[in-house]
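To keep things clear, I will list the structure first and then write my remarks on it.
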Amino acid sequence: MARTHDAARNTARTAGAERRVVVTGVGTVSPIGGTVDEFWASATAGRSGIRPITRYDASELPTRFAGEIVDFDPRQYMPNKVGRRLDRYAQFALAAALQAVDQAALKPDEELAARTAVLVGSGYGPGQLMRTAVHDLRDHGRRRMTPYLASSGSLDSAAGEIASHIGARGPSGATATACATGATCVGDALRLIRHGYADVAVAGGADDAVNPLDLAAAANAGALSRRDDAPHLASRPFDRDRDGFVMGAGAGILVLEEAEHARRRGATILAEVAGYGATTDAYHSTHPRPDGAAARRAMTDALADAGLRPEQIDHISAHGTGTRLNDRIESAAVRAVFGDHAPRVPISSLKSMTGHMIGAAGAVELIAAIQTIRTGIVPPTLNCDDPEDPGLDYVPHRARAHTVRAVLSNSFGFGGHNAVLVVREWPGSAPAQARPQESPGGPSRQPEEER
């Protein structure tokens, strides 16, 4: 039987047979909720998770607020001895992965274990663990350093821990593409499954850049908002009064699965990951390419990969950082790709509520895109009072009822990394909850239970 399966997989690879890829589980740890249900309730209610930093003294930093995670207890997900050896970013990743695997009811047996991949990356990695180790080495010598630094002090520590925890023995690793990391890992996992190298993949990203080292670095690069007097108003994607992004922390993990494999085992299919496009600006270490050409190509490549036209996209989950250059260039790219349809497609930036979760952002925003499809609710862009482009619909301030069958999700990172995903409704998949009535004429309307 195993030989027959292997022969079929090899034939699929060599013949280029297309395998559809679906999502059967999602998990997140975020500044606005420690589970997907909590996260989505906050996102659709327009609740900001941006607040003054409380986990350490941030008085010497130029920016003293963030999308901080303050109520996370790793012991809810892992033994204390596991949590102690991991940086917080990897704790977030493992927690979100276990949520996703649990929802997918995924329990790899001997055969499936070898066909299960893990691709979980990070933009900044174990920053706090490294910072503590350097201080211990300087102040007390090497014997006071954590003995786990060699195994836990790398970008692949989360991926390795997840693979070990669930028993996945297929390809595993961590791709880092800065702020596009989570989307890149999902896109690469999509291709692994499509081309027959895996049947299941646990994919996404995680970061805990709300620490003194990473915050200072971002502030010195001139990327962060300095609006200390009103943190909840600081993240202002697509608003003319924006002055930089707000750092956030968290993880987003998805279980991807070959569609027929999911059907055979009776898994609940949440949505289909239908398209992926990836490009590089090759322009500047932190500034996006001014003409947006590479970002536009990533969007058009993702649409072509999904076999969809721009007018078939019902919602755009924007990268929307709240920086001067990104928002202007992303808006222009949407105009260029979507043409006459651009003013009619609602565009949201979750970073207005979560801050920028760096390596986790693209994966968490894809989870939100799936939730939008399943609930018929488009999350708002907070603080968008004076839009960058008044002709585009940034869904300001309040969530909106809207029928959504396909979403394009943008992720653009330092270094010119661009990763764009298209997710669409899977026929026959049950909605997460009853869809609210369509709002007449398009004005934002928040569901009664979320007011």
Residue ID - modelled with the highest pLDDT, chosen from residues in segment 274-307 that are of a type in the set (Ser, Thr, Tyr) and open to solvent by 70 Å² or more (accessible area, probe 1.4 Å): Thr280
Say whether the condition of being of a type in the set (Gly, Ala, Ser), surrounded by fewer than 22 Cβ atoms within 10 Å (Cβ to Cβ) and in contact with a Gly (Cβ under 8 Å, 6 or more places away or on another chain) is met by at least one residue in segment 395-411. yes
For segment 70-101 the number of residues that are buried (at least 24 other Cβ atoms within 10 Å of the Cβ) and assigned to a loop (DSSP other than H, G, I, E, B) is 1
Tell me whether segment 331-342 contains one or more residues that are of a type in the set (S, T, N, Q), closer than 17 Å to Ala180 by Cα and touching a residue at least 24 places away in the same chain (Cβ under 8 Å). no
Residues of segment 196-228 classified as among the acidic types (Asp, Glu) and not in a strand (DSSP E or B), total: 3
Segment 132-152, residues that are at pLDDT 85 or above and within 29 Å of Phe414 (Cα to Cα): Val134
For Cys179, work out the one condition from (1) crowded, with 24+ Cβ neighbours inside 10 Å; (2) out of contact with any Phe, Trp or Tyr (no Cβ under 7 Å at 6 or more places or on another chain) it doesn't fulfil. (2)
List every residue pair whose Cβ atoms sit under 7 Å apart, with the two residues 6 or more apart in sequence or on different chains, where the first one lies in segment 127-150 and is closer than 19 Å to Ala206 by Cβ and aromatic (Phe, Trp, Tyr) and the second, anywhere, is crowded, with 16+ Cβ neighbours inside 10 Å and at pLDDT 85 or above. Tyr148/Arg85
For segment 320-331, indicate whether the set of residues that are touching a Leu at 6+ places or on another chain (Cβ under 7 Å) and either modelled with pLDDT of 95 or more or of a type outside the set (Val, Ile, Thr) (or both) is non-empty. yes
Give the residues of segment 201-239 that are within 21 Å of Cys384 (Cβ to Cβ) and among the hydrophobic types (A, V, I, L, M, F, W, C), sorted by residue number. Ala223, Leu224, Ala230, Leu233, Ala234, Phe238
In this structure, is Ser48 closer than 16 Å to Gly250 by Cα, open to solvent by 20 Å² or more (accessible area, probe 1.4 Å), out of contact with any Asp or Glu (no Cβ under 7 Å at 6 or more places or on another chain) and assigned to a loop (DSSP other than H, G, I, E, B)? yes
Matching entry among Ala58, Ala66 (being modelled with pLDDT under 95, open to solvent by less than 20 Å² (accessible area, probe 1.4 Å), among the aliphatic types (A, V, I, L, M) and in contact with a Lys or Arg (Cβ under 9 Å, 6 or more places away or on another chain)): Ala58
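The values are calculated or read from the model by the stated rules, or taken from the named source; none is laboratory data. Small disclaimer: the values here were computed from a predicted structure and weren't measured. So basically every Cβ, Gly included, is an ideal-geometry build from the backbone, and we count neighbours across all protein chains shown. The area values use the complete protein model at the heavy-atom level, side chains included, leaving out ligands, DNA and RNA. Shrake-Rupley method; radii C 1.70, N 1.55, O 1.52, S 1.80 Å.
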